[in-house]
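Contents: one structure, followed by commentary.
What follows draws every value from the coordinates through simple rules; no lab data is involved. What you see is a predicted model, and the numbers here were worked out from it, not measured in a lab. Cβ placement follows ideal geometry from the backbone for every residue including glycine, while neighbour counts extend to all protein chains displayed.
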Amino acid sequence: MATDQKITYTATPDQIEAMHSSFDEALARFESTFGTEYPIVIGGEASTGRPLFDVASPADTTVVLAKMQTGTVDDVDAAVAVARTAYPAWSARPWQERVAIIRNAAETIRERKFDLAAIMIHECGKSRAEAIGEVEEGADLLDYYAKQMVLADGFSLTMESIDPREQNVSVLRPFGVWAVLAPFNFPHALAAGPISGALVTGNTVVFKPASATALSGYALYQAFIDGGVPDDVLHFVTGGGREVGEPLVKHPDVDGAVFTGSKEVGMDLFNNFGIEYPKPILTEMGGKNPAIVTRHADLEKAVEGVARSAFGFSGQKCSACSRVYVERPVYDEFMARLVARTSELVVGNPVDRAVFVGPVIDDGAVSRFEEAVTLAGRGNVRAGGGRPADPELANGTFVEPTIVDGLPLDHELFHRELFLPFLAVGAVDSLDEALTAANDTEYGLTAGIFTEDGEEIDRFFNTIEAGVVYANRSGGATTGAWPECQPFCGWKGSGSSGKGALGPYYVMQFLREQSRTVVTDAPGSDASAQKAGE
């Protein structure tokens with residue numbers, strides 16, 4: 001049973017206390033299913049019999065959560081073919097019917113939010129607040145994207161006419177079949193959003209989750225279907241990027257795609273997706289997100305906001321704060337407070353309600369962490385820098401939340417996206433120097449500032465090169481965007497569309513414009529007079 005309290009990424013411990021009992025029940029239900037095999041689903045037909053891959057828990061890699069199918073090119077071909085066949089009827093349904101179905105799917109997600117979140121806790125290591133917040137976000141995305149269809153009256157607009165006999169209308173129409181490739185770090189929200197955006201506008205979808213979080217993808221798929229989405233309209237395939245992902249986005253009958261992941265892969269898709277003719281590809285490709293702390297900052301707000309953004313979900317957010325520029329007059333005090341606050345963060349298995357920092361996703365992430373510590377040099381590590389000593393965490397991919405300073409501002413660790421609980425802090429002489437350093441990156445996703453000076457806030461907003469910006473946000477210096485509140489739009493190397501998810505212009509990206517003109521016989525014309533005389 002869902003609680004009345006909505007849990008977001010900026011929720012406090014008091015706000016999430018009420019949900020723990022229901023959450024514990026959901027965890028027990030999920031744990032009783034560990035090791036179950038799950039199918040690919042194409043056209044409503046569940047299919048097994050392929051080589052299996054294990055989905056393991058990063059908190060204890062000896063625990064197999066699920067066994068998933070390794071899909072093939074034939075599976076991709078079959079899913080795209082059924083989606084293409086279903087497209088004409090689905091796109092022809094009145095948009096009001098599609099809106100009702102998506103809204104019903106949102107309620108289905110809310111009814112299952114504890115079960116969906118329980119999967120994420122085990123599958124990708126999210127804390128309770130992060131996991132619940134993500135499911136809530138996914139449901140809100142469905143509702144908000146449905147609302148956009150209503151507000152735009154189905155995206156049909158009567159135009160002007162220079163000829164009284166002409167009736168002109170601009171109509172946005174769907175493209176056809178969309179591929180949605182979801183990432184491991186937001187396996188629910190960053191799949192639910194694009195799937196619902198594509199479906200509510202009349203497209204059909206082939207959905208491939210990240211292999212590390214394939215079970216979350218399956219559970220989301222089931223919520224859509226049980227919520228009323230026709231099973232020939234949405235299809236679920238699993239497997240690696242080479243076996244399934246690449247054949248899917250390169251399929252000639254796929255008309256559009258949504259990808260969230262690395263800049264390297266995203267740019268390859270952006271440059272090569274449309275070969276015979278241009279096709280829409282929406283990419284979100286990460287960030288190297290800065291926070292600025294000026295001499296006029298409230299340091300209590302700054303410390304809490306930076307700690308939550310840098311180390312929430314172990315820094316594995318595209319929006320995570322990974323570098324901070326602090327004016328020298330407050331540098332030492334800020335660092336002392338930040339190190340102390342970081343030492344209070346509980347590292348461990350996120351099944352435990354007190355845990356704030358869970359595991360990183362896999363051994364590759366642990367290797368990146370160890371490499372980053374080596375690059376920084378042990379003498380520059382102010383907090384963390386190793387792996388937890390607790391023997392109960394030995395089977396998991398845990399690392400300590402880490403802070404380094406004393407590095408030059410042009411150091412690699414101020415520029416390279418790590419996707420880890422790893423924060424580089426540097427001293428600056430002025431806000432101008434901080435802004436120059438903050439903008440010195442190929443990315444432009446999120447950024448934050450802490451200052452009680454309104455003119456500094458204005459200068460920050462007008463100068464920073466990022467699509468999602470915050471001032472004085474103790475709940476998250478650079479993180480915590482929410483549907484219908486903060487559009488999530490990446491600039492520069494962080495995104496391709498210029499119109500962010502969670503925002504008012506996202507849904508129209510799944511549509512293309514058609515200009516319609518109908519010529520009628522105006523009163524007084526020769527044709528009208530002839531008809532009148534007959």
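Here are a few things to note about the model shown:
- The stretch between Glu166 and Arg416, if pulled fully straight at 0.36 nm per residue, gains 84.3 nm over its current Cα-Cα span.
- Relative to its Kirkwood radius, the Cα radius of gyration of the range 198-286 gives an Rg/Rh of 0.96.
- Neighbour net charge for Gly44 - beta-carbon separation under 9 angstrom, K R +1, D E -1: -3
- Calculated FRET efficiency, Asn439 to Lys250, Cβ-Cβ distance, R0 = 35 Å: about 0.50 to the nearest 0.05.
- In sequence order, calculated HN-Hα J values of the range 304-309 (Karplus, 6.51, -1.76, 1.60; Hz; x Gly/Pro): 5, x, 5, 4, 5, 6
- Length gained when the stretch Ser262-Leu157 is fully extended (0.36 nm per residue, less Cα-Cα span): 34.0 nm
- Rough spin-label spacing in nm, given labels placed 7 Å along Cα→Cβ, for Glu31 and Glu111: 2.7 nm
- From phi via Karplus (6.51, -1.76, 1.60), per-residue ³J(HN,Hα) for the range 331-343 in Hz, x at Gly/Pro: 4, 4, 5, 4, 4, 4, 5, 5, 4, 5, 5, 5, 5
- Near Gly71, the amide H atoms lying under 5 Å from its own belong to Thr238, Gly239, Gly240; only residues 5 or more places off or on other chains count, and H is placed 1.01 Å from N.
- Note, ³J(HN,Hα) from phi for the range 195-207, Karplus 6.51, -1.76, 1.60, rounded to Hz, x at Gly and Pro: 4, 5, x, 5, 5, 5, 8, x, 7, 10, 9, 10, 10
- All C-alpha to C-alpha distances of the chain, sorted into 20 Å bins beginning at zero, yield P(r) values of 22, 52, 21, 4, 1 percent in whole numbers.
- Global geometry of the range 275-353, whether rounded, prolate or oblate, following the gyration tensor of its Cα atoms and the 1.5 cut on a/c: oblate
- Ranking of Val80, Val150, Val519, Val135 by count of other Cβ atoms within 10 Å, fewest first: Val519, Val150, Val80, Val135
- Cα-based Rg of the range 289-471 normalised by 2.2 N^0.38 Å, two decimals: 0.99
- Listed by chain and number, the aspartates and glutamates whose alpha-carbon sits under 19 Å from that of Lys147, ignoring those within fewer than 8 places in the same chain, are Glu97, Glu107, Glu136, Glu137, Glu484.
- The range 371-435: C-alpha gyration tensor shape, a/c 1.5 cut-off, then a/b vs b/c: prolate
- Unsatisfied cross-links (Cα-Cα over 21 Å) in the set Lys67/Lys208; Lys279/Lys499; Lys288/Lys317; Lys250/Lys317; Lys288/Lys499; Lys208/Lys279: Lys250/Lys317
- Radius, Kirkwood style, for the range 85-225 when every pair of distinct Cα atoms is counted (Å): 16.1 Å
- For the range 25-144: rounded, prolate or oblate by the Cα gyration tensor [a/c cutoff 1.5]: oblate
- The distance between label points at Gln514 and Ser367 comes to 5.0 nm (points 7 Å beyond Cα on the Cα→Cβ vector).
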